Amino acid sequence: MMASLISVIIAFSLFAAAGIQVALTNFQVVGRAVDSQQAFNVAEAGLNYYLWHLNHNSTDYKDGTSVTTQDPSLGYGPFTHNYINKDGQTAGSYSIYVKPPVTGSTVVTVRSVGVAGGSKLKRTVQAQIGSPSFANYGVVSDSALWFGNTETADGPVHSNQGIRMDGTNTSTVSSGSATYTPPGSLGGDGAVHNGVWCNTGVTTPINCVSRPKTNWVYPVTAVDFNQVSTSLCTIKKIAFAANSATASLATQSNACTQVPTTRTSSYLPQRSATYNLSRGYLIQLNTNGTYDLYNVNGETDTNTTYSTSLSLTAVATGISIPASGVIYAEDNVWVRSNPTYHGRVTIAAGKLASTNTSNYANIVLADQLLYTTKNGTDAVGLIAQDSVILAPYAPPRTGAFNFEVDAAVLSQTGEVWYPGTYRSDTNRCTRGWSASNQTFLFYGSVAARQTWTWSWLFGASACGDAAFLSGTGYVGGLVNNTSEYDYNLRYSPPPSYPLTAGYNILSWREVLTKP
């Protein structure tokens, strides 16, 4: 009996010891899980702290310190702060590394390593923090938009007024208005419609009634096109500062109304005090990352090619793109690539010394503008004080073609468009291309203060050089057009491209390795 009793006691003791060990192990596991989650929360707090910091000091990548060296992969840091919880207690700490944006970008990489109080467990998170630019949209406009049932809205699309979306959309479609009355030229029928809507009579290729509408958002905060004026001023100062001949002007209080006559690689002076829509500069972007410069002495846009339409005088060839990536012209600019462009550049055209809106500068797409690569390495930003114009002589005159423009384009006050009439003959409709083998691809981003369109419908009566399309009537411009958003622009816009808002967290992830 005694032996049996001892055996039972030993057995119970072993079971009890095992139970206690399991309980202790579970307690430790739970404790580590709690510490791990707290460390993760503290690390996230570090990201939120630096988001707040950048919104108050957008160019400080050193956390208010005077450090001068940075890790090649992580940037400046570590900058360590205690994490204070809602009860005012120190609940851990986070260490931040800040990697500044590359030239021309606004995207800052922030890594935060969090440690919970009383624990050695670490969790690391990393975020891309940047200011959204106008290039964050496939199309953004201060005016109403209409996508027909054969058109695709690629990338985020926004209108401050409203959008009729009869075509397919691949991303968010947003409006600054809860309701609006669309003009007849942009799909209106005289009635008030939601900020984003479609015509219920449209059933193909996408059915208006049954289509998904979860990413139609309205009303949202309007995009402020007025701030582009400030951006043009900033770009002009950057262009001044890039060369010793004009650097002293960059810091003057009236820098933006200065009109020096000195030409540099980053600044092109006005051609003459008397403004002329048909005069300015042709910038030819080269594959080797340089540009050639010509004076444009006249334009006859009823002609058939850029070389016959423009009266040109060579100024210089093989000009290096400035380190700032910015070229500012105090006049109109025509642009093309030869044959492709490899690099990153923003070209801005504005006459900021003039308050006469009829003297505002334009940018004209005179021919194809092609990237060498479409992986984000190459980017061209075109910012016009007035309009960005696809010239009637830019596409091939006849025959089959695949015409293309690669760029992020922005008009401060005017349109982004193929014009409906010639500038040199305003009573004559521009030429049209309607054959299925005559196509136009726009790859990039469009920001238009007013109208955006690549084609026109003129009706049943013959109209200048318009093409006749059976079942439709006379059309101008490129009927078979596709606008494709360059998603690389979302995180890496062209140099110094105008911003639409403060800093936001664009993306984040947990890093499973130690910094």
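The values are calculated or read from the model by the stated rules, or taken from the named source; none is laboratory data. Remember, it's a predicted structure, so these values are computed and weren't measured experimentally. Cβ sites come from the backbone with ideal geometry, for glycine too, and all protein chains shown count toward neighbours.
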Assuming G88 fulfils every condition listed in (1) under 28 Å from A135 (Cβ atoms); (2) out of contact with any strand residue (DSSP E or B) (no Cβ under 7 Å at 6 or more places or on another chain) apart from one, which condition is it?
(1)
Residue check, L469 outside the structural domain of A39 (by TED's automatic domain parsing) and under 14 Å from the mean Cα position of the chain (by Cα):
no
Which one of these is touching a His at 6+ places or on another chain (Cβ under 8 Å) and modelled with pLDDT under 95: T377, T304?
T377
Of V192, V157, the only residue that is surrounded by fewer than 20 Cβ atoms within 10 Å (Cβ to Cβ), at pLDDT 95 or above and out of contact with any His (no Cβ under 9 Å at 6 or more places or on another chain) is V192
Going by what's in this entry, would P212 be described as at pLDDT below 95, more than 21 Å from the chain's Cα centre (by Cα) and either of a type in the set (A, V, I, L, M, F, W, C) or more than 23 Å from L457 (Cα to Cα) (or both)?
yes
When you look at V209, is it among the aliphatic types (A, V, I, L, M), assigned to a loop (DSSP other than H, G, I, E, B) and in contact (Cβ under 8 Å) with a residue 12 or more places away in the chain, yes or no?
no
Residues that are under 30 Å from G176 (Cβ atoms) and either of a type in the set (A, V, I, L, M, F, W, C) or touching a strand residue (DSSP E or B) at 6+ places or on another chain (Cβ under 8 Å) (or both): does the range 259-277 have at least one?
no
So for the range 423-445 (the condition being among the aromatic types (F, W, Y), within 22 Å of T500 (Cα to Cα) and in contact (Cβ under 8 Å) with a residue 60 or more places away in the chain), does at least one residue qualify?
yes
Single match in A391, A349 (criterion: over 28 Å from S324 (Cα atoms), assigned by TED's automatic domain parsing to the domain that holds T304, in contact with a strand residue (DSSP E or B) (Cβ under 6 Å, 6 or more places away or on another chain) and aliphatic (A, V, I, L, M)):
A391
Counting only residues that are modelled with pLDDT of 95 or more and β-branched (V, I, T), the range 140-154 contains a total of 1
When the residues of the range 414-438 are narrowed to those that are at pLDDT 95 or above and of a type in the set (V, I, T), which ends up farthest from N332 (Cα to Cα)?
T430
How many residues does the range 128-139 contain that are buried (at least 22 other Cβ atoms within 10 Å of the Cβ) and out of contact with any Phe, Trp or Tyr (no Cβ under 6 Å at 6 or more places or on another chain)?
5
All-but-one check, G432 against (1) within 29 Å of the chain's Cα centre (by Cα); (2) buried (at least 24 other Cβ atoms within 10 Å of the Cβ), failing number (1)
Please go through the range 313-362 and give me each residue that is closer than 14 Å to V259 by Cβ and aromatic (F, W, Y), ordered by number.
Y328
Only one residue in A116, A178 is under 30 Å from W52 (Cα atoms) and either touching a residue at least 40 places away in the same chain (Cβ under 8 Å) or acidic (D, E) (or both), so which one is that?
A116
Considering only residues that are surrounded by 13 or more Cβ atoms within 10 Å (Cβ to Cβ) and either outside the structural domain of T262 (by TED's automatic domain parsing) or over 20 Å from the mean Cα position of the chain (by Cα) (or both), which ones fall in the range 228-244?
K237, A239, F240, A241, A242, N243
Among (1) of a type in the set (S, T, Y); (2) more than 28 Å from A247 (Cβ to Cβ); (3) buried (at least 22 other Cβ atoms within 10 Å of the Cβ) - the single one T274 does not satisfy
(3)
Can you pull out every residue in the range 480-511 that is surrounded by 21 or more Cβ atoms within 10 Å (Cβ to Cβ) and over 26 Å from N57 (Cα atoms)?
S483, Y485, D486
